[in-house]
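Worksheet: one structure, shown below.
Taken together, the values in this text are just the output of simple stated rules run on the coordinates, not laboratory data. Since this is a predicted model, take the numbers as computed values, not measurements. Ideal geometry is used to build each Cβ from the backbone, glycine not excepted, and the neighbour counts take in all protein chains shown.
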Amino acid sequence: MKLVLAIISNDDSSVVSSALTREGFTVTKLATTGGFLMAGNTTFIVGIDDDRVQQVIDVISKHSRKRSQMMPNSATYGAGMYTSFPVEVTVGGATVFVLSVERFEKV
Ligand code: 2BA
């Protein structure tokens, strides 16, 4: 058994969630925050048999879009002077981790 952890943009999370559920996967969603942009994203937890891992990743990948986001950046020019300018960052589609599950029980 494997545990799929997938970090997805909030904008895609409801579509991904519906698609996974429709395909028969059991999903848990966590509200998370990216450390770099400090913006909200969604982390999906899916426990699944090994032979269905690729199916989960395919569904997530199909519904997770790459998007550009601007973030403020600043530079210092000495003597206490600084300027702030926006920097473009590409976010997503999805960041996926697949972990081995040692034991799974529903008690
Ligand atoms: P954030 O940490 O807010 O990162 C958003 C985007 O900013 C990243 O997109 C990446 O393009 C850029 N970025 C992140 N850290 C950077 C850095 N130190 N220097 C320059 N650019 C940086 P994605 O790679 O698509 O990541 C989207 C979100 O997925 C991340 O949000 C984070 O919440 C999560 N994530 C990505 N890689 C991860 C990892 N290796 N471990 C844990 N979480 C990860």
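What Kirkwood Rh does region 36-81 have if only Cα atoms enter the pairwise 1/r average? Answer in Å.
One over the average 1/r among Cα pairs gives 14.9 Å for region 36-81.
Quick check: net charge around Ile48, other residues with Cβ under 13 Å of its Cβ, Lys/Arg +1 and Asp/Glu -1?
Residues near Ile48 contribute -3 overall.
Jot down the per residue volume, in cubic angstrom and as a whole number, of the convex hull over the alpha-carbon atoms of region 46-107. Numbers along the way, then the final one.
Working: hull volume 10.0 nm³, N = 62.
Convex hull volume per residue, Cα atoms: 162 Å³.
Using DSSP to define loop residues, name the chymotrypsin sites (Phe, Trp or Tyr not before Pro) in region 1-74 whose beta-carbon has at most 16 other beta-carbon atoms within 10 Å.
Qualifying residues, ordered by number: Phe36.
Counting only helical runs of four or more DSSP H residues, what would the 222 nm mean residue ellipticity of the chain come to if each run contributes -39,500 (n - 2.57) and the total is spread over all its residues?
That comes out to -7000 deg cm²/dmol.
Given the options Ser74, Ile48, Ser61, identify the residue whose Cα lies farthest towards the positive end of the charge dipole of the chain (+1 on Cβ of Lys, Arg; -1 on Cβ of Asp, Glu).
Towards the positive end, the residue furthest out is Ser74.
Give the cross-link partners of Lys29 among the aspartates and glutamates, using a straight C-alpha distance below 15 Å as the criterion and excluding same-chain residues fewer than 8 apart.
By straight Cα distance, Lys29 reaches Asp11, Asp12.
Say we join alpha carbon atoms closer than 10 Å with springs in a Gaussian network model of the chain; which of Thr43, Thr28, Thr90 then has the biggest fluctuation?
In the Gaussian network model the winner is Thr90.
Over the chain, one equal point on each Cα, no solvent: what is log10 I(q)/I(0) by the Debye formula at q = 0.10, 0.13, 0.15 Å⁻¹?
So the normalised log intensities work out to -0.38, -0.56, -0.67.
In debye, nearest 20: dipole of region 45-98 around its Cα centre with unit charges on the Cβ of K, R (+) and D, E (-)?
Charge dipole of region 45-98: 280 debye, to the nearest 20.
Take every Cα pair under 8 Å in the chain that's 6+ residues apart, average their separations, divide by the length, and report that relative contact order as a whole percent. Let's see the in-between values first.
Working: 180 pairs, mean separation 38.7, N = 107.
After rounding, I find 36 percent.
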